[in-house]
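Here is the structure we will look at, set down as structure tokens.
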Amino acid sequence: MIIRTANMEDLDAVASVEALCFPPAEAATKEAFAQRLQYYADHFWLMFDGDRLVSFVDGFVTDQEDLEDEMYERASMHDENGAWQMIFGVNTIPDCRRKGYAGLLIQRAIDDARKQGRKGLVLTCKPKLVSYYGRFGFVDEGVSEKSVHGNAVWHQMRLTF
């Protein structure tokens, strides 16, 4: 397995993996990923098995402390000098799940954020995943009031260094 950050040439693969991992109401579009890659490709952690993208984690950096729905659509809000690494998506293709790939990428994102001097990381997840992210040190802050993305209930979780 190879882990690396992204570039614009990864657009099709990233969009395809996202479509496999999230329902249409929650999945980012190819156009949204093009914007994200333009603004913060270095904040995409990709895992490849040979030439096949099997998992990725992405999100931008900001001084805003809470993850808001607007962030998913406005990649231009990225601030490379921001205090918080947001995590917008944790994706692993269905036939590669439960092998620890997403966990390796989450840990890499945590390690990189720490090395970059961030205050920590913030993500939102569905209730069934709260304990999973808790294993990495994320603390559940309860149901998010600022994210109702895809008309779902999301818990905001924070890992503070």
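Each value in this text was obtained by applying a stated rule to the coordinates, not by laboratory testing. All values derive from a computational prediction rather than experimental measurement. Please note: Cβ atoms are built from the backbone with ideal geometry, for glycine as well, and neighbour counts cover all protein chains shown.
What is the fewest-to-most order of 2, 87 by other Cβ atoms lying within 10 Å of their Cβ?
Fewest-to-most ranking of 2, 87: 2, 87.
Given the pairs 99/128; 30/115; 99/126, which span a C-alpha to C-alpha distance of over 28 angstrom in this model?
30/115
Please state the charge dipole magnitude for the range 2-160, taken about the Cα centre, from unit charges on C-beta atoms (+1 on K and R, -1 on D and E), reported in debye and rounded to the nearest 20.
720
Among 8, 77, 71, what is the fewest-to-most ranking by other Cβ atoms within 10 Å?
Ordered by Cβ neighbours within 10 Å, fewest first: 8, 77, 71.
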